[in-house]
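Everything on this sheet refers to the single structure shown next.
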Amino acid sequence: MGDIPTKILIVNALLLWKLILKIIYKRLNTSEVDRIIEMAWEDRTPFEAINFQFNLKEKEVINLMRSNLKKSSFKLWRKRVSGRKSKHWFADQAIRFKSPNQK
């Protein structure tokens, strides 16, 4: 299979991953995590809006989604949002966090 140094690197990467997730979750409560997931699922909510409200970068949102969704749901979500223009904000757009139809 793999040699010892490769296995050590993999174990260290996994430990670092768990540490990063713990740091993220210490800052967020359950309702905030739920809201971030909801915003990430919405096609028209850009990652910049999530960053503005929760101070999470796109990669952190992706990691949060990966750790909270089933593998198949995560893959479906990533396929849908990858390269989607509506998930990326342009500087000239106004700040908008919810639809006028929402209460």
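What follows draws every value from the coordinates through simple rules; no lab data is involved. Model, not experiment: these values are computed from the prediction. Cβ coordinates were reconstructed from backbone atoms using ideal geometry, including for glycine residues, and neighbour counts include every protein chain displayed.
The table that follows gives values for the structure above.
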read-out: Amide H contacts under 5 Å for L56, placed H, 5+ residues apart; value: N51
read-out: Neighbour-limited loop hits for chymotrypsin sites (Phe, Trp or Tyr not before Pro), the range 31-66 (at most 16 other Cβ within 10 Å; DSSP other than H, G, I, E, B); value: none
